[in-house]
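After the structure tokens below, expect a handful of questions from me.
Here, each number is a calculation from the coordinates, and none is a lab measurement. Source: prediction; values computed, not measured. So basically every Cβ, Gly included, is an ideal-geometry build from the backbone, and we count neighbours across all protein chains shown.
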Amino acid sequence: MRRTILLSAPMLILAGALSAQPAVAQSAHDAHAAHAHAAAATTPVPGQRWPADAPLREGMRGIRVAVQALEHYEHGHMGIAQAGSTVALIDTAVDGIFANCRLEPDADVALHGLLARFLAGAEAVRTSPQVPVQEIADMRSALARYPQLFDDPAWNAAAD
């Protein structure tokens, strides 16, 4: 219980910072990205998945489209400029989720862990001299984790 509270408190503080000031929020997010990544990896699958509100569902679909498109970058069929535009879509989707999604605290902590992985992967695509294969794989893993944590009835249908 104490460990859960200790892991949750920084994430809740981060959530408040992210919704309050976008410029400050990004640097706060960067400072806590490693912690959020660890939280995502250790967040147990709840007995019952948390409900996904409309902004979360919409944002996650945008993220999925962008991450799937990065497969072309991995195979050399997309240049760095187009990859940069693609990860900008991830940034926009994550910003929309931060601004509009309203979840209960435990769900919010789990979500922030996933979003940190998407932001880290997007940053790696922008800054790495080579294709960041591991970071793109981490984004795919976060996408796979999303339906384990959140009840989004149309998630599988939207993949078709």
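Please list, in chain and number order, the residues 5+ apart from Ala52 or on another chain whose amide H is under 5 Å from its amide H, with Hs placed from the backbone.
Asp151
Which of the peptides 87-100, 69-82 is most tightly packed, and how do the rest follow, judged by the mean count of other Cβ atoms within 10 Å per residue? The partial results should precede the final answer.
Numbers: 87-100: 18.6, 69-82: 13.6.
Going from most to least packed, we get 87-100, 69-82.
Could you give each residue of region 49-60 its phi-based ³J(HN,Hα) in whole Hz, using Karplus coefficients 6.51, -1.76, 1.60 with θ = phi - 60°, and x for Gly or Pro?
Each residue's phi maps through the Karplus curve to give 5, 6, x, 9, 7, 4, x, 5, 4, 5, x, 5 Hz.
Return the loop-located trypsin sites (Lys or Arg not before Pro) in region 91-160 (DSSP other than H, G, I, E, B) with at most 13 other Cβ atoms within 10 Å of their own Cβ; answer none if there are none. Can you show the working numbers first?
Values: sites: Arg102, Arg117, Arg126, Arg140, Arg145; in loops: Arg102.
Here the trypsin sites (Lys or Arg not before Pro) that fit, given the DSSP loop and packing criteria, are Arg102.
Ranked highest first by average number of other Cβ atoms within 10 Å, how do 129-139, 49-59 line up? Intermediate results must be reported in sequence, preceding the final value.
Working: 129-139: 15.7, 49-59: 18.0.
Output ranking for 129-139, 49-59: 49-59, 129-139.
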